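**Q** One structure follows; several queries about it will come next.
The values are calculated or read from the model by the stated rules, or taken from the named source; none is laboratory data. Worth saying up front: this structure is predicted, and the values here are computed from it rather than measured. Neighbour counts are summed over all protein chains in view; Cβ atoms, including those assigned to glycine, are modelled from backbone coordinates with ideal geometry. Please note that ligands, DNA and RNA were not included when accessible areas were found on the heavy atoms of the full protein model with its side chains. Shrake-Rupley method; radii C 1.70, N 1.55, O 1.52, S 1.80 Å.
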Amino acid sequence: MKFRLNDRIADQVAQWAREHMDVDPHCDGDEDDRYQICNLYLDSPELDLLRETGRVGRAKHRVRRYGNESSLWLETKRKKRMVVKKRRSTVDEAQFFACHDSAPQRASGGLSVFRGDWPVGAADDDWFFRRVRRRGLQPMVRIAYRRFARTAQVNGQTIRLTIDDCMTASPADGWTVPLASEFCPDVQFGNGKVLELKFNGILPLMFKDLLRTFTIPASGFSKYRHAMQALAANRGDGLVDSHAESLCYA
């Protein structure tokens, strides 16, 4: 479940989470309970993900780096009727960049995209490379943000609460996923903060108590679409049509 929060409510929800939940292991001792994420989002040259068209438009494909870690995470994510299905595996950065990027080409809307021949990876990450090849996916945009995170064990399952803020973006530069300390964004986007409640199956009682404590209407928010819209506005081009713009606020 995803919610848009203003800064005041976000601070109150974070304090509630500190009182009721445990520190997320990704925070690695950070006193602020936050860590940095940088994602490289992929799309077709026709921008099917942005416009939610075709096979590509039904699932997000991205490469993720946590902070300044050397490993990368290959992920796909699909949402249907409020249920999110995610598949992910980790890959060594050197192996990931073994692919060969040729000269950049131009996609619709003036975006620079890169065509390369993906290598056959190890058995546990071949699935991602195959999908990239079959769908003709290209690097489109790099998105970085800070994440506050807490976890808890409820009836044998791990539940998570995250709040994302300081969302920034830059156009893709080949298949590069920069370290947190090296990312230089072009734009900032998404006023306020984004709360996500992550659980399996039925909404846990702990999260029901949270939503009774704070009256927060559920709302969708796509970092990818907001970032693409912000970059298009920054360039002053016509990449984001009326349909894609409406999706940003769906």
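**Q** How high is the relative contact order of segment 133-187, in percent, counting Cα pairs under 8 Å that sit 6 or more residues apart?
**A** Result for segment 133-187 is 37 percent.
**Q** Let me ask something else. For segment 167-206, compute the orientation-averaged projected area of the C-alpha convex hull (one quarter of its surface), in nm².
**A** 5.3
**Q** Residues of segment 176-198 with the amide nitrogen closer than 19 Å to a label point 7 Å from the Cα of Arg8, along Cα-to-Cβ, please.
**A** 191-195
**Q** Per-residue HN-Hα couplings for segment 5-17, Karplus 6.51 cos²θ - 1.76 cosθ + 1.60 at θ = phi - 60°, whole Hz, x for Gly and Pro?
**A** Calculated HN-Hα couplings, in order: 10, 7, 4, 5, 5, 4, 5, 5, 5, 4, 5, 4, 5 Hz.
**Q** Kindly write out, for segment 58-73 in residue order, the coupling ³J(HN,Hα) from the Karplus curve 6.51 cos²θ - 1.76 cosθ + 1.60 (θ = phi - 60°), rounded to whole Hz, with x marking Gly and Pro.
**A** So the J values, rounded to whole Hz, are 9, 8, 8, 10, 8, 10, 10, 10, 9, x, 10, 5, 7, 8, 10, 10.
**Q** In nm, to one decimal, how far is the Lys198 label point from the Ala218 one, both placed 7 Å along Cα→Cβ?
**A** Spacing of the two 7 Å Cα→Cβ label points: 1.8 nm.
**Q** From the backbone phi of segment 177-187, what are the Karplus-calculated ³J(HN,Hα) couplings (6.51 cos²θ - 1.76 cosθ + 1.60, θ = phi - 60°) in whole Hz, Gly and Pro given as x?
**A** Once rounded to whole Hz, the list reads 10, x, 5, 4, 6, 10, 6, 10, x, 8, 9.
**Q** Kindly sort Trp73, Trp175 by accessible area of their heavy atoms, largest first, with the probe set to 1.4 Å.
**A** Of Trp73, Trp175, the descending order of accessible area is Trp73, Trp175.
**Q** Now for a different question. Over the residues of segment 33-86, compute the C-alpha Rg and express it relative to 2.2 N^0.38 Å.
**A** Values: Rg = 13.1 Å, N = 54, 2.2 N^0.38 = 10.0 Å.
Output field value: 1.30.
**Q** Let me ask another. Are there trypsin sites (Lys or Arg not before Pro) in segment 1-71 that DSSP puts in a loop and that have at most 11 other Cβ atoms within 10 Å, and which ones? Show your work: numbers first, answer last.
**A** On the way: sites: Lys2, Arg4, Arg8, Arg18, Arg34, Arg51, Arg55, Arg58, Lys60, Arg62, Arg64, Arg65; in loops: Arg55.
Answer in residue order: Arg55.
**Q** Sort Phe129, Phe97 by heavy-atom solvent-accessible area, probe 1.4 angstrom, most to least.
**A** Phe97, Phe129
**Q** In nm, what is the difference between 0.36 nm times the number of residues separating Glu46 and Thr76 and their Cα-Cα distance?
**A** 8.9 nm
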